[in-house]
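The values are calculated or read from the model by the stated rules, or taken from the named source; none is laboratory data. Remember, it's a predicted structure, so these values are computed and weren't measured experimentally. In this analysis, Cβ positions are derived from the backbone assuming ideal geometry, glycine residues included, and neighbour counts consider all displayed protein chains.
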Amino acid sequence: MTAALAPVAAGGGSPPPVAACASGAEGRTVEVLALTECIIGGVRRYPREWFDVPAERVPLLVQCGLVLSQPMLAMMTPAAREAWAGVAGEMQRTNRVALAPNSLVVDAPTLRRLWGSTGRILTPEGVASHYAPADFDDFAVRVLQVTEYDPGSSVYRYHSAANTAPGVVSALVRYDYTNPHCHLRQWDGDAHRVTVEALAATADVVHCHMDYRGLFQRMRTTVEPHQRAAITYHGSLPPGDPRRTFVDEDTDRRLGAVRFGARPYHHRWGVEHWLPIPMPARDYLALRAERRVPPDARPFRIAHSPTKRDIKGTAEFLRAVEYVRDQMGLPVEAVLIEDMPHGEGLAAKASCDAVFDSFWLGMQGSGLESAAMALPVIAGDPGAVADLQQLGIGCPWTFANSEDALRHTIAELVTNPDYAASEAARVHAYTVQHHDYPVVGAKYATILTEAIHGAADDR
């Protein structure tokens with residue numbers, strides 16, 4: 001028996017509508033596929049129409065490892081719903097895994113296959129992975145990561161980092177294709193709805209990213225009493241933003257959520273745990289070695305990702321490069337990383353000699369990618385430096401907080417190879433120490449384990 005649906009391939013892309021469900025005979029397999037197609041068709045029309053599954057065929061679906069859950073149960077005709085309830089009761093009587101009364105049934109082997117499916121470590125096309133998921137057993141903390149938009153392509157890296165940690169197994173569901181540059185996911189929330197609901201029902205932790213839209217509006221569910229909620233805030237308030245906060249205090253409190261911030265900056269809004277944005281340092285260092293162009297007979301290349309030009313300092317950066325090139329006579333070139341797939345952007349960055357990240361919020365995701373490649377990273381923002389200092393960490397990036405300082409720093413990097421190498425080594429060491437996959441995964445596992453045990457003690 002196999003799970004009814006297969007995970008999305010590691011490279012992302014459009015998932016198949018239905019995957020094969022194996023059975024003992026070819027005829028039964030064809031029949032199960034037809035019934036599965038009926039269910040998936042119903043999901044696509046959800047919630048406007050019911051769909052029907054012949055009641056006498058429901059046990060066959062269960063035997064082949066198909067799972068069904070409450071939102072889908074409500075869409076079935078009364079006869080099919082009654083048959084499903086009967087199968088659920090029979091499973092309970094025979095000690096197969098019954099996960100919620102009248103809502104979802106899945107056998108234990110299928111359940112383990114779902115949690116252990118491919119895609120526990122994700123990497124973009126063109127970037128080889130040098131990490132492997134840790135083994136997990138029935139005592140591992142099961143975490144379902146839920147997101148719609150993946151800001152800075154960080155959610156798939158949080159998921160991958162978590163899977164390097166012993167004692168944790170993470171599954172990632174993502175909805176829609178709203179980021180034109182990166183679609184990485186393990187499970188697609190629409191095409192794999194049946195499987196996602198099985199994972200949600202059996203998770204110890206349901207971890208939302210950005211906000212709770214994926215949980216409430218897309219999965220149409222909430223966190224059960226036996227589960228813990230978690231959320232990672234990735235957002236920020238740019239200068240001049242009229243909002244007072246991006247933190248959903250009311251929902252956090254109601255769900256008792258374990259709260260993570262992707263940046264030290266988030267402690268300013270009372271977010272308890274800084275969970276550093278994970279970086280697969282070995283992958284990116286290897287990509288740098290592969291893509292590095294010898295510096296002879298070419299300009300010194302400085303990369304920049306102009307995602308928010310007005311506050312990151314893009315105009316100042318371009319003027320500084322022009323000044324160093326035209327007024328100081330130094331061979332330097334600006335390389336803008338924009339409008340390209342995630343993997344291509346990483347490869348382009350790996351071909352450069354340094355990176356300017358931002359005058360605002362210091363070293364962000366783009367700078368961390370470059371730091372993992374052992375490139376010098378220029379950034380500013382005294383407030384971001386102070387955020388790190390509160391954690392006992394000195395500023396790891398090459399600090400420049402104005403156009404004039406940026407000119408001087410660029411010129412120093414171009415003309416002083418020893419200085420450039422020293423700054424690259426310093427920021428790379430920081431990234432390996434705080435952001436490498438196993439480091440973030442271990443920190444995540446510790447915080448979740450303590451939160452779960454603390455809640456159990458309180459009860």
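Condition check ((1) basic (Lys, Arg); (2) free of Cβ contacts under 8 Å to residues at least 60 places away in the same chain; (3) more than 28 Å from residue 288 (Cα to Cα)) across all residues:
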{"site": "109", "(1), (2), (3)": "no, no, yes"}
{"site": "117", "(1), (2), (3)": "no, no, yes"}
{"site": "133", "(1), (2), (3)": "no, yes, no"}
{"site": "165", "(1), (2), (3)": "no, no, no"}
{"site": "171", "(1), (2), (3)": "no, yes, yes"}
{"site": "179", "(1), (2), (3)": "no, yes, no"}
{"site": "186", "(1), (2), (3)": "no, no, no"}
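Residues in the stretch 174-226 that are in a loop (DSSP other than H, G, I, E, B) and under 24 Å from residue 449 (Cα atoms): 186, 203, 204, 210, 211, 212, 221, 222, 223, 224, 225, 226.
Checked against (1) under 16 Å from the mean Cα position of the chain (by Cα); (2) modelled with pLDDT under 95; (3) among the basic types (Lys, Arg), residue 142 passes all but a single condition, namely (2). Of all residues in the stretch 405-437, those satisfying the criterion of being of a type in the set (S, T, N, Q) and either in contact with a strand residue (DSSP E or B) (Cβ under 8 Å, 6 or more places away or on another chain) or in a helix (DSSP H, G or I) (or both) are 409, 415, 422, 431, 433. Test residue 92 against the stated conditions and say whether it is outside any loop (DSSP other than H, G, I, E, B) and either crowded, with 18+ Cβ neighbours inside 10 Å or at pLDDT 95 or above (or both). No, not satisfied. For the stretch 154-163, the criterion of being assigned to a helix (DSSP H, G or I) and surrounded by fewer than 20 Cβ atoms within 10 Å (Cβ to Cβ) is met by none of the residues. Step by step: first the residues of the stretch 116-129, then only those that are surrounded by 20 or more Cβ atoms within 10 Å (Cβ to Cβ) and within 20 Å of residue 207 (Cβ to Cβ), then the one that is modelled with the lowest pLDDT. Which residue is that? Looking at the filtered set, the residue picked out is 119. When the stretch 231-254 is limited to residues that are in contact with a Lys or Arg (Cβ under 9 Å, 6 or more places away or on another chain) and in contact (Cβ under 8 Å) with a residue 40 or more places away in the chain, the one that is surrounded by the fewest Cβ atoms within 10 Å (Cβ to Cβ) turns out to be 238.
This table checks each residue for (1) out of contact with any strand residue (DSSP E or B) (no Cβ under 8 Å at 6 or more places or on another chain); (2) of a type in the set (D, E, K, R).
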{"site": "113", "(1), (2)": "yes, yes"}
{"site": "119", "(1), (2)": "no, no"}
{"site": "136", "(1), (2)": "no, no"}
{"site": "143", "(1), (2)": "no, no"}
{"site": "146", "(1), (2)": "no, no"}
{"site": "157", "(1), (2)": "no, yes"}
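Look at residue 204 and say whether it is farther than 23 Å from residue 110 by Cβ, of a type in the set (Asp, Glu) and modelled with pLDDT of 80 or more. Taking the combined requirement at face value, the residue does not satisfy it. Assessment of the stretch 336-359 against the conditions (farther than 19 Å from residue 424 by Cβ, among the aliphatic types (A, V, I, L, M) and buried (at least 18 other Cβ atoms within 10 Å of the Cβ)) yields no matching residue. In the set 276, 242, only one residue is more than 21 Å from residue 385 (Cα to Cα) and either out of contact with any Asp or Glu (no Cβ under 8 Å at 6 or more places or on another chain) or assigned to a strand (DSSP E or B) (or both); that residue is 242.
Can we say residue 302 is in a strand (DSSP E or B), of a type in the set (A, V, I, L, M, F, W, C) and in the same structural domain as residue 331 (by TED's automatic domain parsing)? Criteria met by residue 302. Every condition in (1) touching a Phe, Trp or Tyr at 6+ places or on another chain (Cβ under 6 Å); (2) not in a helix (DSSP H, G or I) holds for residue 266 except the one numbered (2). For the stretch 283-294, the criterion of being in contact with a strand residue (DSSP E or B) (Cβ under 9 Å, 6 or more places away or on another chain), surrounded by fewer than 18 Cβ atoms within 10 Å (Cβ to Cβ) and assigned by TED's automatic domain parsing to the domain that holds residue 373 is met by at least one residue. Screening 200, 132 for residues that are in contact with a Ser or Thr (Cβ under 9 Å, 6 or more places away or on another chain), more than 20 Å from residue 436 (Cα to Cα) and either of a type in the set (A, V, I, L, M) or crowded, with 20+ Cβ neighbours inside 10 Å (or both) leaves exactly one candidate, 200. Apart from one condition, residue 421 fits all of (1) within 30 Å of the chain's Cα centre (by Cα); (2) exposed (fewer than 15 other Cβ atoms within 10 Å of the Cβ); (3) of a type in the set (A, V, I, L, M, F, W, C); the exception is (1).
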